[in-house]
1. For the stretch 90-101, what are the residues that are open to solvent by less than 50 Å² (accessible area, probe 1.4 Å) and on the phi < 0 side of the Ramachandran plot?
2. Quick one: which residue in LEU185, LEU194 is aliphatic (A, V, I, L, M) and either open to solvent by 30 Å² or more (accessible area, probe 1.4 Å) or outside the structural domain of PRO239 (by TED's automatic domain parsing) (or both)?
3. Within the stretch 102-127, how many residues turn out to be open to solvent by less than 50 Å² (accessible area, probe 1.4 Å) and within 13 Å of ligand 1 (Cβ to nearest atom)?
4. Pairs please, first residue from the stretch 135-152 and in contact (Cβ under 8 Å) with a residue 24 or more places away in the chain, second anywhere and in a strand (DSSP E or B) and charged (D, E, K, R), Cβ atoms under 6 Å, 6+ apart in sequence or on different chains.
5. Identify, please: which residue in the stretch 155-166 is in a helix (DSSP H, G or I) and in contact (Cβ under 8 Å) with a residue 24 or more places away in the chain and is, among those, farthest from GLY14 (Cα to Cα)?
6. Would you confirm, using the coordinates I've provided, whether LEU258 is within 15 Å of GLN155 (Cα to Cα) and within 16 Å of ligand 1 (Cβ to nearest atom)?
7. Does any residue of the stretch 151-165 turn out to be within 12 Å of ligand 1 (Cβ to nearest atom), over 21 Å from GLU337 (Cα atoms), hydroxyl-bearing (Ser, Thr, Tyr) and open to solvent by 20 Å² or more (accessible area, probe 1.4 Å)?
Amino acid sequence: MKKIAILGSTGSIGTQTLEVARENGDIEVLGLAAGSNIRLLEEQIREFHPRLVAVWSEDKAQELRVKIADTDTKVVSGMEGLLDVSTMSGTEILVTAVVGMIGIRPTIEAINAGKDIALANKETLVTAGHLIMPLAKEKGVSILPVDSEHSAIFQSLQGNEQKAIHKILLTASGGPFRGRKAEELLEIKVEDALKHPNWSMGQKITIDSSTMINKGLEVIEAKWLFGVDVDQVQVVVQPQSIIHSMVEYVDGAIMAELGTPDMKLPIQYALYYPERRYLPGERVDFWSLGKLEFEKPDMETFYGLKLAYEAGRTGGSLPTVFNAANELAVSQFLKREIKYLEIMEIIEDCMKAHKNIDNPTLEQILETEAATYERINSRR
Ligand code: NAD
Ligand code: MG
């Protein structure tokens, strides 16, 4: 039995992780954490019998305690609760599927406790990769990518040497607004941006995919996971999302991972690595597919991607500004408080105003996040 805990168990990645556990039957789920969906948490507790569950708000945690009083599951709350689940005894792998840089402290503490990390929560690596990667190395802990592109890169690296990487070819669907220019994006509504052509995901990452900022975060994520410079990462638009990413080696050979868009593949690969398990579902049929297309991304219209390269190249606290500004701007857009194009404007404004800190500590990262939020909130 593999023993795991999941942060963000009620979300898109969290629920698919539980599906993988259910279908395989040899994964024991010892801990769960989620924001506020206690109705779903209760169902998950009754099916998987975790020992420990964390709910973000204490009020909701108390409600859940009453609902599941007939079970042996203990319910905790707040950041302390998240840390308890991250470091609980007995687990081998922590699946980090919370959204946003709230995942930094739990990830660091899980590594300190010797847990392998199945990492979906890219915002954590974008902002604190310089702390997390050396710490994982020191503790002998594996960081197993769950993000589909990074899983594809990881799979394409098997049997090859990391130092022979010439380039990473990070594929992107281009999102729902591929081909549009800025003037055609002025009146984008929340509903339009929530329609992703190929993947069904949580709201924040779906908006990020539409702005190409998700790809920007992934460029920086790749830098940390695979030890490359951001300029070795080339974004290639592949509208069908069949090629999930590629590695070009020094001799010009290119290795890729292809498949139908299904997050259960990278989740399962991370949980059982290096073993491959059967996965039910649709397969790629090249006879009916006919062709694959490729394009260069439009970094003038979707200049959030260009800002990500700048943040990743500069390093220090700038990626935190990039990420934190995006997190708040996206949540304001989802609440219909700002217009679509303001997301990119806000990020650019915050990055321009920032005095970069080299090699920031965890405290400085969190201070930078707070300062970025303050700047954005004082705009209105
Ligand atoms: P989601 O919005 O569907 O789920 C987020 C989960 O985090 C929920 O369970 C929510 O309750 C929980 N959460 C939020 N705030 C919390 C808090 N303060 N304390 C505890 N739990 C909290 O998001 P998602 O689409 O599953 O994405 C999760 C992460 O995985 C993101 O970093 C995203 O970029 C990454 N990712 C997602 C996909 C995908 O297909 N959905 C693909 C690649 C990477
Ligand atoms: Mg991805």
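The values are calculated or read from the model by the stated rules, or taken from the named source; none is laboratory data. Every value quoted in this text rests on a predicted model; they were computed, and no experiment measured them. As a convention, Cβ positions derive from the backbone with ideal geometry for all residues, glycine included, and neighbour counts pool all protein chains shown. Each accessible area value is taken on the protein alone, full model and side chains, heavy atoms only, with ligands, DNA and RNA left out. Shrake-Rupley method; radii C 1.70, N 1.55, O 1.52, S 1.80 Å.
1. THR91, ILE93, LEU94, VAL95, THR96, ALA97, VAL98, MET101
2. None of the others qualify; the one that does is LEU194.
3. Here the count works out to 15.
4. VAL141/ASP116; SER142/ASP116; ALA152/GLU257
5. ALA164
6. Working: within 15 Å of GLN155 (Cα to Cα): yes; within 16 Å of ligand 1 (Cβ to nearest atom): no.
Answer is no for this residue.
7. No; the residues of the stretch 151-165 include none that is within 12 Å of ligand 1 (Cβ to nearest atom), over 21 Å from GLU337 (Cα atoms), hydroxyl-bearing (Ser, Thr, Tyr) and open to solvent by 20 Å² or more (accessible area, probe 1.4 Å).
Results for (1) part of a helix (DSSP H, G or I); (2) modelled with pLDDT under 95, shown as yes or no for each residue.
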{"site": "LEU131", "(1), (2)": "yes, no"}
{"site": "PRO134", "(1), (2)": "yes, no"}
{"site": "ILE153", "(1), (2)": "yes, no"}
{"site": "ILE168", "(1), (2)": "no, no"}
{"site": "PHE177", "(1), (2)": "no, no"}
{"site": "GLU183", "(1), (2)": "yes, no"}
{"site": "PRO197", "(1), (2)": "no, yes"}
